[in-house]
1. Scan region 71-92 residue by residue and report those that are in contact with a helix residue (DSSP H, G or I) (Cβ under 6 Å, 6 or more places away or on another chain) and outside any loop (DSSP other than H, G, I, E, B).
2. Only residues that are hydroxyl-bearing (Ser, Thr, Tyr) and out of contact with any helix residue (DSSP H, G or I) (no Cβ under 6 Å at 6 or more places or on another chain): list them for region 40-70, please.
3. Please identify the pairs in which a residue from region 84-108 that is under 13 Å from ALA51 (Cβ atoms) and in contact (Cβ under 8 Å) with a residue 40 or more places away in the chain has its Cβ atom under 6 Å from the Cβ atom of a residue that is in a loop (DSSP other than H, G, I, E, B) and not aliphatic (A, V, I, L, M), counting only partners at least 6 apart or on another chain.
4. Give just the number: which of (1) over 13 Å from the mean Cα position of the chain (by Cα); (2) within 27 Å of SER96 (Cα to Cα); (3) touching a residue at least 12 places away in the same chain (Cβ under 8 Å) does GLY77 not satisfy?
5. Suppose we keep only residues that are among the hydroxyl-bearing types (Ser, Thr, Tyr) and surrounded by 13 or more Cβ atoms within 10 Å (Cβ to Cβ) within region 75-112. Which one would you say is farthest from TYR18 (Cα to Cα)?
6. Pick from region 51-74 the residues that are under 9 Å from the mean Cα position of the chain (by Cα) and not small (Gly, Ala, Ser): which of them is surrounded by the most Cβ atoms within 10 Å (Cβ to Cβ)?
7. Out of curiosity, is ASP32 in contact with an Asp or Glu (Cβ under 7 Å, 6 or more places away or on another chain), surrounded by 10 or more Cβ atoms within 10 Å (Cβ to Cβ) and outside any loop (DSSP other than H, G, I, E, B)?
8. Of all residues in region 1-39, which are free of Cβ contacts under 8 Å to residues at least 12 places away in the same chain, out of contact with any helix residue (DSSP H, G or I) (no Cβ under 8 Å at 6 or more places or on another chain) and under 27 Å from HIS99 (Cα atoms)?
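Read the figures in this text as sums done on the coordinates, not as results from a lab. Fair warning: this is a prediction, and the values are worked out from it, not measured in the lab. Glycine gets a Cβ as well: all are built from the backbone with ideal geometry, and neighbour counts include every protein chain shown.
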Amino acid sequence: LDPLWVDPNIDYVGIDWYPPLGDWREGDEHLDAQAGYAGPADPDYLVANVAGGENFDWFYGSDADRVGQVRTPIVDGAYGEPWVWRSKDLKSWWSSAHHDRPGGVRSAAPTA
């Protein structure tokens with residue numbers, strides 16, 4: 001998509017983006033309550049989950065993981081670019097060079 005973003009005929013790009021802003025559960029026996037937040041409307045909780053939390057720091061690998069709150073860290077062990085896999089990391093996506101990864105191998109030159 002990078003050639004599209006830099007096309008001189010395109011003035012702006014809109015992103016249809018609906019990130020998860022928390023994983024609050026009923027009661028106080030869940031990870032987010034145990035982290036000390038007052039509730040799902042706690043401003044600190046919401047701020048922490050805009051550029052953090054699910055789909056930034058971690059993801060659920062299955063429905064069973066979601067139920068059990070088994071959170072898998074989002075990492076990029078191959079090239080140290082975890083933002084490639086973070087759907088909520090718009091800042092890094094926007095400010096970093098993009099490299100194709102054909103067959104999982106990172107191209108040396110950026111795409112745009």
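1. Taking region 71-92 as the starting set, the residues that turn out to be in contact with a helix residue (DSSP H, G or I) (Cβ under 6 Å, 6 or more places away or on another chain) are 74-76, 83, 89, 92.
Hits for region 71-92 are TRP83, SER92.
2. The initial filter retains those residues of region 40-70 that are hydroxyl-bearing (Ser, Thr, Tyr), namely 45, 60, 62.
TYR45, SER62, listed by residue number.
3. If the second residue must be in a loop (DSSP other than H, G, I, E, B) and not aliphatic (A, V, I, L, M), the pairs left are SER87/ASN55; LYS88/PRO19; LYS88/ASN55; LYS88/PHE56.
4. The one condition GLY77 does not meet is (3).
5. Here the residue is THR111.
6. Going through the qualifying residues, I end up with PHE56.
7. It is true that ASP32 is in contact with an Asp or Glu (Cβ under 7 Å, 6 or more places away or on another chain), surrounded by 10 or more Cβ atoms within 10 Å (Cβ to Cβ) and outside any loop (DSSP other than H, G, I, E, B).
8. LEU1, LEU4, ASP7, PRO8, ASN9, ASP11, TYR12, GLY14, ASP16, TYR18
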